[in-house]
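**Q** Submitted below is the structure of interest, expressed as structure tokens.
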Amino acid sequence: LLKEIESTLEADGGVKASHPAIAHLMKQVDQRRTERNNYSNDFLRRHTGEAASQIPVYRDGRVVLPIRSDQSSQVKGVIHSSSASGATLFIESYRLVELNNQVILAQQAIAVETARILRELTSKARQALDAIYSLRREVGYGDSLYARSLWVERHGCVKPLAGDLILREARHPLLGERAVPISLEADSSIKAVVISGPNAGGKTVTIKTVALFVLLHQSFYYIPAKEGSALPLFKSLYTDIGDEQSISESLSTFSGHMRNISSILRSIDGDSLILLDELGSGTDPLEGAALGRAILEYCVEKGGLTFVSSHHNLLKQYAYGDKRLLNMAMEADSKSHQPTFRVIKGVPGESYALETAKRMEIPSTVLSKASSYIGAEAAEISSIIKGLRQREQEFIIREKTIKERERAVTDKQREVELKELSLAQQEHLLRREQLGDLSHFINEKRSELENLVARLREGEITKAKTREVKEYLNSLDEKHDEALKRANKLKGKKRVQPAPLSLEVGSTVLVKKGRREGRIVRQERGGKWVVAVGAMRVTLSEEEIEATQERERKASVSFESSSVRPMSVIDVRGHTLEEALDKVNLQLEAALVHGSKSFSIIHGLGDGILSHGIHTYLRSLSYVEKFYFALPEDGGHGKTYVEL
């Protein structure tokens with residue numbers, strides 16, 4: 001269907017002129033037009049005395065001849081119209097009538113064929129109607145996803161969590177670059193938020209941002225804010241924002257608000273978000289404040305979460321005295337009183353009406369009188385609010401200082417831990433290096449010893465053979481002295497010791513009786529602990545053990561060749577990772593001393609802790625050439641082959 005549509009129709013939906021059926025008819029139209037043009041031009045050339053012009057003209061889609069009015073009787077045909085001056089008549093001769101009709105009929109044939117083609121194409125499309133509808137839905141959904149992803153990228157959106165109300169640097173998308181990010185929080189115990197502050201300070205924008213973000217979250221999943229934002233879920237949203245004044249319905253500003261709020265109060269439930277802008281305004285301040293508090297109390301009892309913007313002190317006091325309510329203030333600069341649009345949690349805001357009026361250039365005499373009319377009670381409340389805001393600023397500075405100190409302590413602690421880790425790694429590398437040197441030295445001396453013994457057995461002992469034996473013994477002494485120096489150097493290194501550990505599972509402890517070191521396996525009832533001491537496990541009370549730091553392992557070097565013989569297979573199942581690594585390390589040392597090049601480790605499958613830890617350790621050893629899991633018939637992933 002798609003191929004047929006593309007081969008039949010133009011981009012605008014018309015049938016292509018190259019369509020075989022249309023192309024044939026187009027040729028006929030061109031032929032008829034050519035015949036008509038030839039006749040018209042030939043007629044005007046032959047009747048130059050009667051013709052007003054040598055160029056045929058069009059009238060109502062038909063070609064006509066311009067003939068002088070005084071010569072119109074010489075041309076038989078249909079008169080269509082005349083020129084403005086009346087000197088020229090536009091006549092369609094009878095022959096021209098026939099030629100015009102032929103052109104129109106040819107054009108109508110194209111229209112009929114076009115309709116037939118479209119009808120057939122429509123019939124085929126109707127047969128695929130279900131697929132077309134499905135494609136339209138899928139394309140529409142895909143287009144919506146693409147549009148949403150572009151919007152998310154353009155506005156720097158995040159996907160908020162569902163929970164308490166937390167907005168981190170929320171930006172109203174309609175404000176664009178002018179948007180000042182706002183941050184606010186209200187946990188699930190809060191039933192209402194009263195936002196106050198200066199005029200044009202951002203109160204209405206703030207509650208609109210909350211409502212918009214709730215709708216975005218529940219329909220779009222993303223909001224233009226920072227990570228860490230969260231929003232509760234609501235089943236309904238009710239708002240009273242703006243001026244409801246209506247002359248045609250005889251509604252004042254106040255009565256318009258009351259009619260809207262009346263409808264809201266009859267509809268809200270525990271899953272509703274309610275937004276009331278400038279609650280109690282537009283009427284007597286005392287009655288408006290009282291009515292506003294009563295409405296707010298009703299919303300707290302019946303609704304889910306309510307946001308109210310207001311200048312009434314009665315609402316601020318109500319929010320201050322009820323734990324279910326929260327005051328929020330729109331901040332203003334303490335010097336200029338200009339709004340900063342930052343939301344301050346826990347304190348009511350000042351209106352700064354006189355300061356706003358001053359910025360609007362109200363005469364100073366009016367402002368002075370207004371100041372004198374403000375009562376002492378109002379001035380005291382204003383002073384309290386200023387004091388609270390000042391303390392809040394001091395708290396923010398103190399909290400910032402504490403966080404910086406905590407960050408510095410954390411950085412210092414991390415630096416100490418890194419130094420300790422570096423020292424441990426250096427010691428481990430030194431041990432590895434000594435072990436490698438020792439292995440090479442023993443192999444070399446074993447070969448020398450075998451050659452020396454063979455020569456001693458051949459014939460009598462000469463001075464040269466005696467000298468070789470002495471040189472061999474001297475080289476052993478030199479290597480022994482060198483190893484002792486390295487060991488003493490390691491002993492001299494002091495490592496940062498961690499603080500003593502408390503008694504807990506995995507702690508290293510000292511058994512007081514016998515002064516033996518062990519490790520706590522588990523805790524029993526009655527304050528007793530199961531302690532692993534070597535291969536034994538004993539149950540001891542807290543008085544019989546004491547917490548101790550795990551002893552630092554000293555680097556040591558031995559040149560004795562009578563070490564434990566390496567085994568071809570070692571089994572570490574049932575051991576902890578640390579115990580298993582100790583057993584592997586002993587096997588490696590024995591293998592190096594005795595020249596063994598390979599062995600295998602049975603660690604089992606389990607949770608993979610042993611296999612992963614052993615592989616990590618083997619990967620760090622330079623003298624381990626390679627290691628790999630066993631064949632399936634020999635244990636598979638429960639066994640590892642090691643080659644040195």
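**Q** Only residues that are under 21 Å from residue 109 (Cα atoms) and of a type outside the set (Asp, Glu): list them for the stretch 8-20, please.
**A** The answer is 8, 9, 13, 14, 15, 16, 17, 18, 19, 20.
**Q** While we're on this one: Restricting to the stretch 333-348, and then to whatever is modelled with pLDDT under 75 and touching a strand residue (DSSP E or B) at 6+ places or on another chain (Cβ under 9 Å), can you tell me which residue is nearest to residue 293 (Cα to Cα)?
**A** By that ranking, first place goes to 339.
Residue-wise test of (1) without any contact (Cβ under 8 Å) to a residue 12 or more places away in the chain; (2) surrounded by 12 or more Cβ atoms within 10 Å (Cβ to Cβ); (3) in contact with a Lys or Arg (Cβ under 9 Å, 6 or more places away or on another chain).
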position: 3; (1), (2), (3): yes, no, no
position: 11; (1), (2), (3): yes, no, no
position: 28; (1), (2), (3): no, yes, no
position: 33; (1), (2), (3): no, yes, no
position: 42; (1), (2), (3): yes, no, no
position: 56; (1), (2), (3): no, yes, yes
position: 77; (1), (2), (3): no, yes, yes
position: 86; (1), (2), (3): no, no, no
position: 90; (1), (2), (3): no, yes, yes
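**Q** In addition: In the stretch 186-205, what residues are buried (at least 16 other Cβ atoms within 10 Å of the Cβ) and closer than 19 Å to residue 166 by Cβ?
**A** 186, 190, 191, 192, 193, 194, 195, 202, 205
**Q** Moving on. It is to be established whether one or more residues within the stretch 94-108 are within 30 Å of residue 126 (Cβ to Cβ) and modelled with pLDDT of 90 or more.
**A** yes
**Q** Right, residue 49: at positive phi and part of a loop (DSSP other than H, G, I, E, B) or not?
**A** Answer is no for this residue.
**Q** Suppose the filter is in contact with a helix residue (DSSP H, G or I) (Cβ under 9 Å, 6 or more places away or on another chain) and closer than 20 Å to residue 40 by Cα; does residue 89 pass it?
**A** In short, yes.
**Q** Next question. Restricting to the stretch 189-220, and then to whatever is part of a loop (DSSP other than H, G, I, E, B) and hydrophobic (A, V, I, L, M, F, W, C), can you tell me which residue is farthest from residue 170 (Cα to Cα)?
**A** Of everything passing the filter in the stretch 189-220, 190 is farthest from residue 170 (Cα to Cα).
**Q** While we're on this one: Filter the stretch 96-117 down to residues that are under 14 Å from residue 58 (Cβ atoms) and either among the hydrophobic types (A, V, I, L, M, F, W, C) or outside the structural domain of residue 30 (by TED's automatic domain parsing) (or both) and give me whichever is surrounded by the fewest Cβ atoms within 10 Å (Cβ to Cβ).
**A** Ranking the qualifying residues of the stretch 96-117, first place goes to 104.
**Q** If we scan the stretch 581-599, do we find a residue that is closer than 26 Å to residue 430 by Cβ, part of a loop (DSSP other than H, G, I, E, B), under 46 Å from the mean Cα position of the chain (by Cα) and modelled with pLDDT of 85 or more?
**A** no
**Q** Let me ask something else. What is the number of the single condition among (1) in contact with a helix residue (DSSP H, G or I) (Cβ under 8 Å, 6 or more places away or on another chain); (2) without any contact (Cβ under 8 Å) to a residue 40 or more places away in the chain; (3) assigned to a helix (DSSP H, G or I) that residue 99 does not meet?
**A** For residue 99, the exception is condition (2).
**Q** Follow-up question, since we're still on this one. Has the stretch 240-249 got at least one residue that is part of a helix (DSSP H, G or I) and either at pLDDT 90 or above or surrounded by 14 or more Cβ atoms within 10 Å (Cβ to Cβ) (or both)?
**A** No, there is no match, as no residue in the stretch 240-249 is part of a helix (DSSP H, G or I) and either at pLDDT 90 or above or surrounded by 14 or more Cβ atoms within 10 Å (Cβ to Cβ) (or both).
**Q** Scan 139, 152 and give me the residue that is surrounded by 11 or more Cβ atoms within 10 Å (Cβ to Cβ), at pLDDT 90 or above and either in contact with a Gly (Cβ under 9 Å, 6 or more places away or on another chain) or not aromatic (Phe, Trp, Tyr) (or both).
**A** Sole residue among the options that is surrounded by 11 or more Cβ atoms within 10 Å (Cβ to Cβ), at pLDDT 90 or above and either in contact with a Gly (Cβ under 9 Å, 6 or more places away or on another chain) or not aromatic (Phe, Trp, Tyr) (or both): 152.
**Q** Continuing with the same structure: Of the residues in the stretch 309-355, how many are closer than 21 Å to residue 205 by Cβ and among the hydroxyl-bearing types (Ser, Thr, Tyr)?
**A** 6
**Q** Could you check residue 58 against (1) within 30 Å of residue 21 (Cα to Cα); (2) part of a helix (DSSP H, G or I); (3) of a type outside the set (A, V, I, L, M) and say which number it fails?
**A** (2)
The values are calculated or read from the model by the stated rules, or taken from the named source; none is laboratory data. This structure is a prediction, so every number in the text was calculated from the model and none was measured. No Cβ is skipped: glycine too gets one built from the backbone with ideal geometry, and neighbour counts run over all protein chains shown.
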